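Written out below as C-alpha cells is the structure these notes cover.
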Amino acid sequence: MRPLWAREPGRRRAQGGPVSTCLGGAGAAAEHGLRRRPVSLRKWDGARAGAGARRLRWQGDGVSDTRRLCAALLPLTALVAALALTFTTGGTLGHPGPLALWYPVDLVLFAVAVWALRRLPARQVSALVLAGAVAAAAVALVAAPRTSDDAYRYLWDGQVQAAGHSPYAYPPDAPQLAGLRARAPELYPVTGSCTGWDLRRAAPGFCSHVNRPAVVTIYPAVAEYWFLGLHLVAHGHGVRAAQAGGALLAVALTALLLAVLAPRRRWQAALWGWFPGVAVWAVNDAHVDTLGALLAVAGLTLTARGRGWWGGAVLGAAAAVKLLPALVLPGAAARGRGPGWSVRVLLAAAGVFLLSYLPYLLLSGPKVLGFLPGYLHDEGYEGAQPRRFALLRLVLPDSLAALAAGVVVVAVALLVLRTGDPARPWDGALLVSGTALLALTPAYPWYGLLVVALVGLAGRWEWLAVPAAGEAAYLTQGGAQLAGYAVALAVVAGAAAVRHRRGRRA
C-alpha cells in the first residue's frame, strides 16, 4: 500500500459543493494526514499560447486543491456581492454617482477572481466558471434596468408584430397604434408624473418608457424575431421578461465557450461570464447585442471546424441581430482553406441576412431600413460632428474623420482576410471588431459585448479595455470619451508589444 503522501492529485476529493469543500475540505484532509508531495513529483503541465515556453504548475493534493478553490471562491463571491450592490444602491443613468463608485470595484474584483481561477486544476474550472456566470446573471435581475431603456422598445416591437403590424411601418406615437398603447401600461404609464431618466412625454401627450417614440425601429430582422418571442413569453411581466432573456443568452454563451475551448483554456470563458459589463449590459439592461454575440461565437466555431456554409449562415443571422457582428466575417472568411472558402462563407452570410428580411420586406418595402439613416446622423457618424472618432480627430480635421475610420477598418479587414488563421478565426475577428470600436469611439458600451465574447474565445484580455472605455464615455455623457479610448488604445498596443517581444525571445 502506497503512503498517503504519494497519492495521485485529485484521488481524494472533499464531498459536497464548492462552498462545503472550501469550508470543510482542508480540515478533513489535514485530519487524514495528507501533506505535500516531494518536489520530485512536481510536473510540467502547461504551455503559454504563442510563446512556446513551458511553465511549472503545482499539481496539488487534496490540501492545495482545496486552498486554491477557496482562493478562487472568495474573490468570486465578493464580485457577485459587489454586483448586487451595484444594482441596488440607487445608481441609474439619471443618477450615475453610485455607479461611478461601484464599477471600478467590480472591475478590480473581476480581475482578482480570474487570476485566482487560473491557479485551479483544470477539472475544477468549468463548474466554477458556469456557477459564477449564473450567479452574476442572477444578481443582475434584482432591479429594473439601471442605465438603458432599450428593452422597452424591444417589448413594444414584439407587441406590434403580435398584433399583425410591421415594426418598420409606424412609430410608437402613431395614431394607428393608439389601441396597442392603451393595452401596454407597463410601456406607456397612465398614472404618475412621468418624471425619471427612462420616461418622456411623446408629442401626442402620453408618457412613454419607449425611447424615441416619434421614429420607427432601428433594429434588424433577426432582432425583431427575438422581440416577438419576448412578447409571446412575457405574459404581463414587462421588462423583466427581456432581462430574463438576456440572462439566458449570457449564460448560454458562457456554456458555449466552455464547450468549445480546450480544457486548459476554459478559464477564458470567465472573461465573458464574469465580466461586470455582461451583468450590466446583457442582463440588467437586456441588450439584444448578446444574441448577436452568441451567434457570432457559434458561427466562428463552425468555420474553425471547416463548416463554411453553416458557419457563414449563422454569422449572417448574427449580423441581422445588430450590424456590428458583420465585423467578424473577415476572420471567418480568411483565405487559408483553399479556393472558394471565402466565397462560401460570405455568400452564406449574405443569403441568410437577406432572407431574414423577406417577411418585413413584403410588409413594409423600403421602410425596412427603419430609423437607421436618422440614427447615423443623430449619433454623429456622418463626419463633421464631434461625437465620434475621438482618437482620429486628434490628428485629422473633423471632416475627414469618418473617411479615415472607414479606411482603417477596411485595411485591417483586408489584412485579416489575407493572413488570418482559419483554425482560429476569432483572432482576426477580434482584431477587426476591436479596431472598429477604437476608430468609431462609440459612447454606448454594450456595442462592446461582441468584443467581450471574442475575448473569451481568443484570451486576449487587453481588449476588455475597449468596452470599458465605452462605459466611461457613457456615464460621463462623453466627458471621458477621449481619455477612456486613449487608455484603451495604450493597453491594447502595450499588450501586443509585450506578446511580440516574448514571441521573439522564444
Relative to the compact-globule scaling 2.2 N^0.38 Å, provide the ratio for the alpha-carbon radius of gyration of the stretch 240-505.
0.98
Cut-off 14 Å (backbone N to label point 7 Å along Cα→Cβ of A262), residues of the stretch 436-472
458-459
Quick one: if the Förster radius is 45 Å, what FRET efficiency do L74 and A497 give, using the C-beta to C-beta distance and rounding to 0.05?
0.85
Taking only the alpha-carbon atoms of the stretch 135-253, the convex hull volume per residue, in cubic angstrom, is 109
Between the stretch 393-421 and the stretch 250-275, the alpha-carbon center distance in angstrom
31
With only Lys, Arg, Asp and Glu charged, each at its Cβ (+1 for the first two, -1 for the last two), find how big the charge dipole of the stretch 249-324 is about the Cα centre; round to the nearest 20 debye.
380
What is the log10 of I(q)/I(0) for the stretch 401-475, computed with the Debye formula using one identical point scatterer on each Cα and no solvent, at q = 0.19 Å⁻¹?
-0.77
Going by average Cβ density within 10 Å per residue, which order do the peptides 392-404, 205-217, 268-280 take, highest to lowest?
268-280, 205-217, 392-404
Might you report the magnitude of the Cβ-based charge dipole of the stretch 240-505 about its Cα centre, with Lys and Arg at +1 and Asp and Glu at -1, to the nearest 20 debye?
1180
Note on the stretch 183-333: alpha-carbon gyration tensor, axes a ≥ b ≥ c; rule is a/c under 1.5 for rounded, else prolate if a/b larger than b/c, else oblate; result prolate
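Read-outs throughout are calculated quantities, based only on the coordinates presented, and are distinct from any laboratory measurement. Given the structure is predicted, the values throughout are model-derived calculations rather than measurements. So basically every Cβ, Gly included, is an ideal-geometry build from the backbone, and we count neighbours across all protein chains shown.
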